[in-house]
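The values are calculated or read from the model by the stated rules, or taken from the named source; none is laboratory data. Quick caveat: nothing in here was measured; it's all calculated off a predicted structure. For neighbour counting, all protein chains shown are included, and Cβ atoms are generated from backbone atoms with ideal geometry for every residue, glycine included. Ligands, DNA and RNA are stripped out before the accessible areas are found, and what is left, the full protein with its side chains, is counted by its heavy atoms. Shrake-Rupley method; radii C 1.70, N 1.55, O 1.52, S 1.80 Å.
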Amino acid sequence: EADIYQTPRYLVIGTGKKITLECSQTMGHDKMYWYQQDPGMELHLIHYSYGVNSTEKGDLSSESTVSRIRTEHFPLTLESARPSHTSQYLCASSDGLLGSYNEQFFGPGTRLTVL
Amino acid sequence: SQKIEQNSEALNIQEGKTATLTCNYTNYSPAYLQWYRQDPGRGPVFLLLIRENEKEKRKERLKVTFDTTLKQSLFHITASQPADSATYLCAPRGPGADGLTFGKGTHLIIQP
């Protein structure tokens with residue numbers, strides 16, 4: 001079992017609310033990622049981080065933002081949730097060492113529903 | 001643009017038989033390719049990695065092949081069991097890329 005945690009596991013919220021999805025890992029990994037996955041569809045990378053104070057946008061455009069103030073935490077924030085944000089959000093981490101092959105460890109995901 | 005194709009239909013296999021899943025990619029020259037397993041409502045779990053200079057990799061009942069000429073990877077589960085039922089994701093990666101690019105996955109059902 002990977003040491004990467006996400007809270008909450010499920011969230012149902014009204015339109016316009018601000019939400020933060022938490023992700024933490026205890027493996028000391030430098031690289032962390034957020035993916036978005038709709039049912040039956042592929043994962044899409046929306047944000048990643050090389051380490052503290054590093055954040056980058058991924059392949060899929062997202063209205064969410066992320067921060068990396070501490071190595072172990074990589075929260076994702078939506079300032080104003082909309083129904084189009086309804087999806088599953090998966091956090092992952094990897095050791096990012098030079099020469100590593102970037103095996104990624106995933107959290108259990110947060111299933112977000114915006115009404 | 002990069003494209004990854006996996007069996008779009010669910011794959012039904014009789015218990016004890018070998019399951020073979022296909023991953024094809026285009027516009028891509030991945031340095032390596034990873035396979036993950038995903039159960040409903042859970043995050044993917046890493047299974048195997050194969051490098052571009054490797055033809056085959058094995059781990060217990062799992063075997064992966066990588067043909068860079070055909071731009072294809074095959075994932076085999078021998079002596080399949082109902083507990084192997086899950087969605088299997090292929091993730092080829094280019095050198096220097098960040099994050100992973102995943103296929104949609106193949107839903108495998110092992111019937112007792």
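Here are the numbers for this structure:
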{"quantity": "Hits in the range A:56-68 (condition: within 12 Å of chain B (Cβ to nearest Cβ) and either closer than 17 Å to A:Gly28 by Cα or out of contact with any strand residue (DSSP E or B) (no Cβ under 6 Å at 6 or more places or on another chain) (or both))", "calculated": "A:Lys57"}
{"quantity": "Any hit, the range B:94-103, residues being buried (at least 16 other Cβ atoms within 10 Å of the Cβ) and in a strand (DSSP E or B)", "calculated": "no"}
{"quantity": "Evaluation of B:Thr87 against (1) within 29 Å of A:Gly96 (Cβ to Cβ); (2) modelled with pLDDT of 95 or more; (3) not in a strand (DSSP E or B) (one fails), failing number", "calculated": "(3)"}
{"quantity": "First in the range A:68-87 and under 14 Å from A:Thr15 (Cα atoms), second anywhere and assigned to a helix (DSSP H, G or I), Cβ under 8 Å, 6 or more apart", "calculated": "A:Leu78/A:His85"}
{"quantity": "Residue list for the range B:39-52, restricted to those being open to solvent by 20 Å² or more (accessible area, probe 1.4 Å) and either polar (S, T, N, Q) or touching a Gly at 6+ places or on another chain (Cβ under 8 Å) (or both)", "calculated": "B:Gly41, B:Arg42"}
{"quantity": "The lone exception for A:Val66 - which of (1) among the aliphatic types (A, V, I, L, M); (2) closer than 25 Å to B:Arg51 by Cβ; (3) under 14 Å from the mean Cα position of the chain (by Cα); (4) open to solvent by 10 Å² or more (accessible area, probe 1.4 Å) it fails", "calculated": "(2)"}
{"quantity": "Verdict on A:Gln25 being open to solvent by less than 10 Å² (accessible area, probe 1.4 Å), modelled with pLDDT of 90 or more and among the polar types (S, T, N, Q)", "calculated": "yes"}
{"quantity": "Tally of residues being more than 14 Å from chain B (Cβ to nearest Cβ) and in a loop (DSSP other than H, G, I, E, B) across the range A:69-96", "calculated": "10"}
